[in-house]
Amino acid sequence: MKRFSFALPVVLALALPLLGADWSQFRGPSGQGFSEEKGLPTEWSKDKGIKWKAALPARGVSCPVVFGDRVYVTCSSGKRDDRLHVLCFEASTGKELWHRQLNATGGTACHPKTCMAAPTPVADATGVYALFATADVAAFDLDGTLRWYRSLTADYPSITNQVGMAASPILVKDRLIVPMDNDGESFLAAVDTKYGKNVWKVERKKGINWVSPFVRDVNGKTEIMFAGYGGLTAYDAADGAKRWVYAGGSGSIPTASIANDMLYLPGSGVTAVKLGPEGVEGKPLWTAKEVRPGMASPLVYRGKVYAVNDEGFISCGDAKTGKTLFNERTKTAFSASPIAGDGKVYCVNELGVTFVLKADADDYDPIATNNIGEEVLGTPALAKGCLFIRTDKNLWCVGK
């Protein structure tokens, strides 16, 4: 294992309430796809309502993340897709602050739709942590200096996924939680953010899985919930001990959503279950079969649950009863997960068209349809009063 380290304090704890101005990880600071931001944009096009646009050096399907006045993005390039990129931009201006490159050490085989820049990085006050589908993980400080680097395939040589990995890491206090479900040695690990060393590592069942972990606080403890083969498992963030398992929450691609004491599980529709201190309580409360996520994760926002899928459907159900409110088919597939803020729900399809819905409405009636004309596969970020959209060519900042 190769490491570089610099002692920097970590002040971010994702198990705490939302930090409204930042979007520090996949699906935002809480991992649930919504922001407390106000004054978010409603209408734009490639020529109107754009604060700035920055060219990207290569393709990626990871999501942008924002912390402070920095936006971080990952890309991958090369004939074998084995050149890994981490970029940092000034959030207010779009100025490129730094660009670092690494050589991949793990396998680069994947489905043509994805690439090695598929997992979303995670950021805090010290910089950014980037995991790639090659199982390379690196930590950079605010100025782009490499703090430490690990080749997980060097540590665990059987790691393999011929379709391409995409599960994203999260931060819990001073630990980087690394999901590594694959056809070889599968595990969930807590890595020390200062040196990149394992604090704990738990074995998982072998099998390809693209779900990302998320957290909840219960009775003074932080649980890391991670779906996969055999169901959804909750681990103690302190030591990795298994707390409970729910067999009905198996993983695949989309990640579940949590709201108060309710857990919303994607599958053949969305299924709602009640969470207690010891895990899922009783039988499922309801299943909304017409609210069907595809690769995108469901969103729970202001009493409603939203889903988009690769058949082009945008659907919505009542979060308490599961009653379908609408199920509208559009012309193009969705890969990006729906996100929300300021009373608006944003659904971005693969052609770069964003449907803006009013969260208080029970009917499908977009208040705006905005097209930037470039491919979008990664979920946008909401921060600083803006919408940050990464396409196959550019990073767009939509807002004032």
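Net charge of the neighbourhood of Glu185, taken over other residues with C-beta under 13 Å away and scored Lys/Arg +1, Asp/Glu -1, is 0. Beyond 16 Å, the tail of the calculated P(r) for the stretch 23-70 holds 59 percent of the Cα pairs.
Peptides 328-341, 230-243 ranked from most to least packed give 328-341, 230-243, packing being the mean of other C-beta atoms within 10 angstrom over each peptide's residues.
Taken over the alpha carbons of the stretch 239-327 as equal point scatterers, the Debye sum produces base-10 log I(q)/I(0) values at 0.11, 0.12 Å⁻¹ of -0.29, -0.34. To two decimal places, what compactness ratio does the stretch 153-229 give when its Cα radius of gyration is scaled by 2.2 N^0.38 Å? Compactness ratio reported: 1.10. With each label modelled as a point 7 angstrom along the Cα→C-beta vector, the Asp360-Lys331 pair spans 3.2 nm. Packing here is the average count of other Cβ atoms within 10 Å per residue, and on that basis the peptides 209-220, 170-181, highest first, run 170-181, 209-220. Among Glu278, Glu311, Glu350, the sequence by solvent-accessible area, most first, with a 1.4 Å probe is Glu278, Glu311, Glu350. By a 1.4 Å probe calculation restricted to protein chains, Tyr246 has an accessible surface near 40 Å², given to the nearest 10.
Placing +1 on each Lys and Arg Cβ and -1 on each Asp and Glu Cβ, with no other charges, gives the chain a dipole about its Cα centre of roughly 400 debye. Dividing the radius of gyration of the alpha carbons in the stretch 39-177 by their Kirkwood radius gives 0.99 for Rg/Rh.
Across the stretch 128-139, coupling constants 3J(HN,Hα) worked out from phi with the 6.51/-1.76/1.60 Karplus curve, θ = phi - 60°, read 9, 10, 10, 10, 10, 5, 7, 6, 8, 9, 9, 10 Hz, and Gly and Pro carry x. Find how many whole Å separate the alpha carbon centroid of the stretch 353-400 from the alpha carbon centroid of the stretch 206-282. Comparing the Cα centres of the stretch 206-282 and the stretch 353-400, I get a distance of 28 Å. Here the extension length gained between Asp141 and Thr93 equals 15.3 nm, from 0.36 nm per residue of separation less the Cα-Cα distance. Give me the percent of accessible area attributable to carbon and sulfur for the stretch 287-343, probe 1.4 angstrom. Answer for the stretch 287-343 is 43 percent, counting heavy atoms of protein chains only.
Using the Kirkwood radius built from alpha carbon pairs, what does the Stokes-Einstein equation give as D for the chain at 20 °C and 1.002 mPa s, in µm² per second?
Using the Kirkwood radius from Cα pairs, D works out to 103 µm²/s.
Is the stretch 95-215 best put as rounded, prolate or oblate by its Cα gyration tensor, with a ≥ b ≥ c the root eigenvalues, rounded for a/c under 1.5, and otherwise prolate when a/b is larger than b/c, oblate when not?
Taking the square roots of the gyration eigenvalues as a ≥ b ≥ c, the stretch 95-215 is oblate.
A simple charge model with +1 on the Cβ of Lys and Arg, -1 on the Cβ of Asp and Glu and nothing else charged puts the dipole of the stretch 137-255 at about 180 debye relative to its Cα centre. Think of the chain as a dipole: +1 on every Lys or Arg Cβ, -1 on every Asp or Glu Cβ, centred on the Cα centre; then among Ala368, Val398, Thr114, Thr114 lies furthest on the positive end. Taking every Cα-Cα distance in the stretch 330-388 and sorting them into 5 Å bins starting at zero, the pair-distance distribution P(r) comes out as 4, 19, 29, 28, 15, 4, 0 percent. The stretch 173-311 has equivalent-ellipsoid semi-axes of 25, 17, 14 Å, by the square roots of 5 times the alpha carbon gyration tensor eigenvalues, sorted largest first. Cα convex hull, the stretch 292-400: 89 Å³ per residue, rounded to a whole number.
The values are calculated or read from the model by the stated rules, or taken from the named source; none is laboratory data. Keep in mind the model is a prediction, meaning the values are calculated, not measured. Counting neighbours? That spans all protein chains shown, and the Cβs are built from the backbone with ideal geometry, glycine included. For accessibility, only protein heavy atoms count, side chains too; no ligands or nucleic acids. Shrake-Rupley method; radii C 1.70, N 1.55, O 1.52, S 1.80 Å.
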